[in-house]
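Enquirer: Once you've had a glance at the structure underneath, I'll fire off some questions.
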Amino acid sequence: MHDIIIEQQQGRIDAVLAKENLGYSRSKITDWLNNGQILVNQKKVKQSYKVNKGDIIVITPPKVQATTIEPEAIPLNIVYEDDDLLVVNKPQGMVVHPSAGHSSGTLVNALLHHAPLSTINGEFRPGIVHRIDRDTSGLLMVAKNDTAHQALSAQLKAHKNQRIYYALVRGEFKENSGTVNAPIARHKIDRKKQAIVSDGKPAVTHFEVVQRYVGYTLLKVRLETGRTHQIRVHMTYIGHPIVGDPVYGNAPKMPNVTLHGQLLHAKTLSLMQPTTQAELTFDSPLPVYFQQALDTLTPLYE
């Protein structure tokens, strides 16, 4: 429970409380106002209520229900950890959070065994600020408390994070770099897929050639936005599907190589530490199977 007496604060109650550094998001404050868990002078008010000097605000957060997700002692490759966050190098094949058909063995199951997580994303996605696909490997930031989660989410929304992926795609590029700017939304027929849709959400992907091979190209890809399956959809859209992609690839498998998903790796991640404001950058090597696939290819030298 929190008691706040209005002295010099001014404005709408939701904005005032959001500035009080209580560790709650503005959307959560709005929900609590609507549910009567925030009272002003013992009365329920709307989020548009403007505070007055002497107002007594009492916040009674709902009791946190115990999660039904079972913590599991699954090994984690933790790249960085402090009191606010973790950076984890997720292996290919691991689902990020529980969902229908994946109630155990997920990254969240493993994380809950390791440390407490933020609650902003609800019961089944605690701590998860952003996701990568099951068969995409690489770096993820995870929030350990709600204040950190809110700060990291704001960084993502403001495009202040750098997220760089390496992808092996089919075909050879004439250009050395480029940008794909094409809106993405759920496929109108196959609801499990995403697609380029004229009225979809804006999606921007920047790419740069790292190495050319006969019939293939290794790209460094930078996300400006973070739509579901964005890199996979955009690469297919420009005629260079990611090698091993079972959903968007639509191309033969690599000869002499057994793949278990797309060759897409979240290699570099930068963020601002929520408490200290220090700029942190992390890098992870390509997985062994990714490097082995590259070793089977013939480089093109210019």
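Just so it is clear, none of the values below were taken in a lab; they were calculated from the coordinates. A quick note: this is a predicted structure, and the numbers were derived from the prediction, not measured. Cβ sites come from the backbone with ideal geometry, for glycine too, and all protein chains shown count toward neighbours.
Enquirer: Taking the alpha-carbon centroid of each part, what is the distance from the range 191-238 to the range 247-293 in angstrom?
Expert: 14 Å
Enquirer: Rounded to the nearest 20 debye, what is the charge dipole size of the chain about its Cα centre when +1 sits on each Lys and Arg Cβ and -1 on each Asp and Glu Cβ?
Expert: On the way: 33 positive and 27 negative charges, 222 e Å.
Computed about the Cα centre, the dipole is about 1060 debye.
Enquirer: Give the relative contact order (percent, whole number) for the chain; include only Cα pairs under 8 Å separated by 6+ residues.
Expert: Relative CO of the chain lands at 14 percent.
Enquirer: Could you tell me which of TYR248, THR205, LEU259 has its Cα farthest along the dipole of the range 161-302 towards the positive end, charges placed at Cβ (Lys, Arg +1; Asp, Glu -1), taken about the Cα centre?
Expert: TYR248
Enquirer: I would also like to ask the following. Enumerate the calculated ³J(HN,Hα) couplings along the range 150-157 in order (Karplus 6.51 cos²θ - 1.76 cosθ + 1.60, θ = phi - 60°), each rounded to whole Hz, writing x wherever the residue is Gly or Pro.
Expert: 4, 5, 5, 5, 5, 4, 4, 4
Enquirer: Select from ILE132, ASN161, ILE38 the residue farthest towards the positive end of the dipole of the chain; place +1 on Cβ of Lys and Arg, -1 on Cβ of Asp and Glu, and compute about the Cα centre.
Expert: Result: ILE38.
Enquirer: Skipping prolines and chain starts, which residues have an amide H placed within reach, meaning under 5 Å, of the one on ASP55, given they are 5 or more residues away or on another chain?
Expert: ILE6
Enquirer: Here is a follow-up. Contour minus end-to-end for ASP31 and LYS19, with contour as 0.36 nm per residue of separation and end-to-end as the Cα-Cα distance?
Expert: Stretched out fully, the ASP31 to LYS19 stretch lengthens by 2.7 nm.
Enquirer: Follow-up. Which value, to two decimals, describes the C-alpha radius of gyration of the range 159-291 once divided by 2.2 N^0.38 Å?
Expert: Compared with the compact-globule rule of thumb, the range 159-291 sits at 1.10.
Enquirer: Next question, about the same structure. To the nearest 20 debye, what charge dipole does the range 161-302 have about its Cα centre, counting +1 at the Cβ of each Lys and Arg and -1 at the Cβ of each Asp and Glu?
Expert: 580 debye
Enquirer: Of the listed peptides 278-287, 256-265, what is their order by residue-averaged count of other C-beta atoms within 10 Å, with the highest listed first?
Expert: 256-265, 278-287
Enquirer: Right, next: Between ASN181 and VAL257, what is the label-point separation in nm under the 7 Å Cα-to-beta-carbon projection?
Expert: About 3.2 nm separates the two model spin labels.
Enquirer: Once every DSSP H run of n ≥ 4 in the chain is given -39500 (n - 2.57) and the sum is divided by its residues, what mean residue ellipticity at 222 nm do you get, rounded to the nearest 500 deg cm²/dmol?
Expert: The per-residue figure over the chain is -5000 deg cm²/dmol.
Enquirer: Using the count of nearby Cβ atoms within 10 Å as a rough guide to exposure, how do LEU85, LEU269, LEU300 rank from fewest to most?
Expert: Least crowded to most crowded, the residues run LEU300, LEU269, LEU85.
Enquirer: Quick one: length gained pulling THR68 to LYS46 fully straight, 0.36 nm per residue minus the C-alpha distance?
Expert: 4.6 nm
Enquirer: Another question about this same structure. Answer with one residue from GLY226, TYR237, GLN92: the one whose Cα lies farthest towards the positive end of the charge dipole of the chain, charges on Cβ with Lys, Arg +1 and Asp, Glu -1.
Expert: TYR237
Enquirer: Are any of the pairs LYS28/LYS157; LYS44/LYS144; LYS19/LYS201; LYS160/LYS220; LYS90/LYS267 more than 21 Å apart by Cα-Cα distance, and if so, which?
Expert: Values: LYS28/LYS157 18 Å; LYS44/LYS144 32 Å; LYS19/LYS201 30 Å; LYS160/LYS220 18 Å; LYS90/LYS267 11 Å.
Pairs exceeding the cut-off: LYS44/LYS144; LYS19/LYS201.
Enquirer: How big is the charge dipole of the range 2-59 about its Cα centre, in debye rounded to the nearest 20, if each Lys and Arg gets +1 on its Cβ and each Asp and Glu gets -1 on its Cβ?
Expert: With Lys and Arg at +1 and Asp and Glu at -1, about 220 debye.
Enquirer: Students often forget the sequence filter, so: which lysines lie under 17 Å Cα-Cα from LYS43 once same-chain residues fewer than 8 apart are removed?
Expert: LYS53
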